[in-house]
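Since every read-out is calculated from the coordinates, none of them should be taken as a lab result. Computed from a predicted model, the values in this text were never measured in an experiment. Glycine gets a Cβ as well: all are built from the backbone with ideal geometry, and neighbour counts include every protein chain shown.
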Amino acid sequence: MKKMILFLTIIVLFTNVFPQGEDSHQGKKAFNFKGTDLDGKSIELNKLLGKGPTLVSFWATWCKPCMEELDEYQKIYSEFKDKGFNFIAISTDNEKTIAKVKPFVKSKQFSFTVITDSNSEIARKYYAYQIPYSLIIDKTGTIIYSHTGFMKGDEKKVKNIIENLLAN
C-alpha cells in the first residue's frame, strides 16, 4: 500500500512539474527565444509576432512522428506563408545527431525556418520534454494551442486554427 501511495504521489508531482499535453500552455504568453537558422541568420520570436500566427514545433532527426509532422507542416506553411503565417521548427538534436539536421532539411526541401537547440535551452522554457511538441502563438504572443505527439489528422486541427487566426 505504501508503494502504491508513493507511486501515485510521484505521478501527481511529475505531471504538475512538467505540464505537457494538449493545451497545457493555452492562454499563457509565449517565452521569447533567440536562435540561429541553418544559414546563420539570427531569429527571434518576438520579432516575428505582430505579423500573424506562428507555429513552433520541437523535433529531432531520429523521431519518425516528427518527420511526418514536418511534412504536413510544410504544406500548411506553403499555403499560408504569404498571408503573415510563420513557422519555426526547433531541432532538439544533441551533439551526436546535430550534424544530420541541415542535410535532412535540404533533402526534404523544407522552406520554413529551422533553428537548433542542442542544449535544450528553448525546449526547457516550453517544457518540451517529449517530441514532437507543437505550439501555435497568435500575433499578440499568446499561446493558442499546444500539443504533444503526432498522428495523421492532427495537422487538420492546426490548419483550422491558423486559418481562423489569419481571418481575424
Revision key, fill the gap. Flagged in segment 67-97 as closer than 16 Å to Phe150 by Cα and among the hydrophobic types (A, V, I, L, M, F, W, C), in numbering order, are Met67, Leu70, Ile76, Ala89, Ile90
Practice item. Only residues that are more than 19 Å from Val101 (Cβ to Cβ) and outside any strand (DSSP E or B): list them for segment 46-71, please. Key: Asn46, Lys47, Leu48, Leu49, Gly50, Lys51, Gly52, Pro53
Check your understanding: Which one is nearest to the chain's Cα centre (by Cα), of the residues in segment 72-102 that are part of a helix (DSSP H, G or I) and charged (D, E, K, R)?
Key -> Glu72
**Study point:** Neighbours by Cβ (under 8 Å, 6+ apart or cross-chain): first from segment 113-128, of a type in the set (D, E, K, R); second not in a loop (DSSP other than H, G, I, E, B)
**Key:** Asp117/Gly35; Asp117/Phe58; Asp117/Ile90; Asp117/Ser91; Asp117/Ala123
